[in-house]
Ligand code: PLP
């Protein structure tokens, strides 16, 4: 039966994590996986999440009945408002649908499954992009998975001219995947005027935007600022998909809480799309899990809890910004060869250091520092106790 089954290659990120766990060095540093850590290097359950968790668990009304196919309505409604903005014309005119998914990954997959059935089988992904995008679209059955230039290694910034030229050459209806904010792995986002330029070309060329939003509020500390790209496209009249994740901004990694929000031209179309998404959910997951959605719903729908959440978001974003600054200062003090401005210019959880694969392997072997071979560093893995050691390790491998 299984004669042809060979061992699948390990997932690069989870593999680095398990090597890190096995390493017995007292000075080891994990900057591989994109999960927030406190200054003590510990996972953080947001105080508002802990509070709401207790409320839910202790409620006499708690049951474990199935959710509807499209999930918890108070959650999905709030999720659509969070990304599109309460006063978005799409929200006011009720021409959207929002369907709960298995976190951000599941939302991207749900969107891909839907687009393959009803739109087009050509998708363009940024180069580079989150490692999972390619596999998700492959498994969803896309026939053309292409890339567009995004990152310029010379400037360690956005390759805007090449990006725009490539958009102009794409065939009509192609799906173009964007990271709404805090691009993973580069930490490089288009500026507002660059998004405007991108949207203009997308409109002229009749291209279809699919936003992956895994870091709303986490990038800049402002939920509105991090949603600017999506809202701009909506203002320009686009129909679009947005995959939302609550892993990072609520710290709900294992609860698999996400949502796919779709902006449509009419309420009737939105309802049709919703039913098709329900149909896909039915065969893949049947109904989504409730716990994470209950937590997020309570927080997004209660002004006091919402305020507490925003203050924790600011704290996480602020700590990461501080780590950028401290790492940059350490490298400058050491006189480490090279230009390190990108560390403070990039945004969100990740820094694309520019270290080569060889340097990344060397830093692992010699200094017990675990990062992906692309040179991506999860800034959340740094803290006031290990940032100096980390900077020293970089200094040594680049000399
Ligand atoms: N999309 C991007 C760009 C990501 O970086 C991530 C997580 O790292 C995700 C989606 C999905 O995250 P999750 O499935 O944990 O919500």
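For segment 373-387, name all the residues that are in a loop (DSSP other than H, G, I, E, B) and either at pLDDT below 95 or outside the structural domain of residue 330 (by the TED database) (or both).
Taking segment 373-387 and keeping what is in a loop (DSSP other than H, G, I, E, B), we get 373-375, 382-386.
373, 374, 375 - these are the residues of segment 373-387 that are in a loop (DSSP other than H, G, I, E, B) and either at pLDDT below 95 or outside the structural domain of residue 330 (by the TED database) (or both).
Residues that are in the same structural domain as residue 250 (by the TED database) and within 16 Å of the ligand (Cβ to nearest atom): find the helices (runs of 4 or more DSSP H) completely inside segment 277-360 holding 2 or more of those.
Numbers: elements: 291-300, 303-334, 341-345.
Fully inside segment 277-360 and qualifying: 291-300.
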From the list 154, 200, 171, 191, which one is without any contact (Cβ under 8 Å) to a residue 40 or more places away in the chain, over 22 Å from residue 351 (Cα atoms) and away from the ligand (no atom under 14 Å from the Cβ)?
200
Taking segment 361-372 as the region of interest, how many residues are in contact with a helix residue (DSSP H, G or I) (Cβ under 7 Å, 6 or more places away or on another chain), buried (at least 19 other Cβ atoms within 10 Å of the Cβ) and part of a helix (DSSP H, G or I)?
2
Tell me whether segment 67-79 contains one or more residues that are closer than 22 Å to residue 222 by Cα, away from the ligand (no atom under 16 Å from the Cβ) and either touching a strand residue (DSSP E or B) at 6+ places or on another chain (Cβ under 6 Å) or not assigned by the TED database to the domain that holds residue 373 (or both).
yes
If you go through 126, 149, 153, the only one that is touching a helix residue (DSSP H, G or I) at 6+ places or on another chain (Cβ under 9 Å) and surrounded by fewer than 18 Cβ atoms within 10 Å (Cβ to Cβ) is 149
Among all residue pairs at least 6 apart or on different chains, which show Cβ distances below 7 Å where the first residue, located in segment 1-14, is closer than 30 Å to residue 378 by Cβ and the second is assigned to a loop (DSSP other than H, G, I, E, B)?
12/131; 12/372; 13/32; 13/33; 13/131; 13/372
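Identify the residue in segment 116-132 that is touching a residue at least 40 places away in the same chain (Cβ under 8 Å) and under 14 Å from residue 374 (Cβ atoms) and, among all such residues, is nearest to the ligand (Cβ to nearest atom).
Taking segment 116-132 first, the residues touching a residue at least 40 places away in the same chain (Cβ under 8 Å) are 117-120, 122-126, 128-131.
Now restrict to residues that are under 14 Å from residue 374 (Cβ atoms): 126, 128-131.
Numbers: 126: 10, 128: 11, 129: 7, 130: 4, 131: 9 Å.
Ranking the qualifying residues of segment 116-132, first place goes to 130.
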Name the one entry in 56, 102, 83 that is within 15 Å of residue 297 (Cα to Cα), in contact (Cβ under 8 Å) with a residue 12 or more places away in the chain and under 16 Å from the mean Cα position of the chain (by Cα).
83
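Please indicate, with yes or no, whether at least one residue in segment 251-262 is away from the ligand (no atom under 15 Å from the Cβ) and surrounded by fewer than 21 Cβ atoms within 10 Å (Cβ to Cβ). Spell out how you get there, then give the answer.
So in segment 251-262, the residues away from the ligand (no atom under 15 Å from the Cβ) come out as 262.
Next, only the ones that are surrounded by fewer than 21 Cβ atoms within 10 Å (Cβ to Cβ) stay: none.
Scanning segment 251-262 turns up no residue that is away from the ligand (no atom under 15 Å from the Cβ) and surrounded by fewer than 21 Cβ atoms within 10 Å (Cβ to Cβ).
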Please go through segment 203-213 and give me each residue that is buried (at least 17 other Cβ atoms within 10 Å of the Cβ) and either within 16 Å of the ligand (Cβ to nearest atom) or outside any loop (DSSP other than H, G, I, E, B) (or both), ordered by number.
208, 209, 210, 211, 212, 213
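The values are calculated or read from the model by the stated rules, or taken from the named source; none is laboratory data. Not measured: the values here are computed from a predicted model. Note that we place each Cβ from the backbone using ideal geometry, even for glycine, and neighbour counts take in every protein chain shown.
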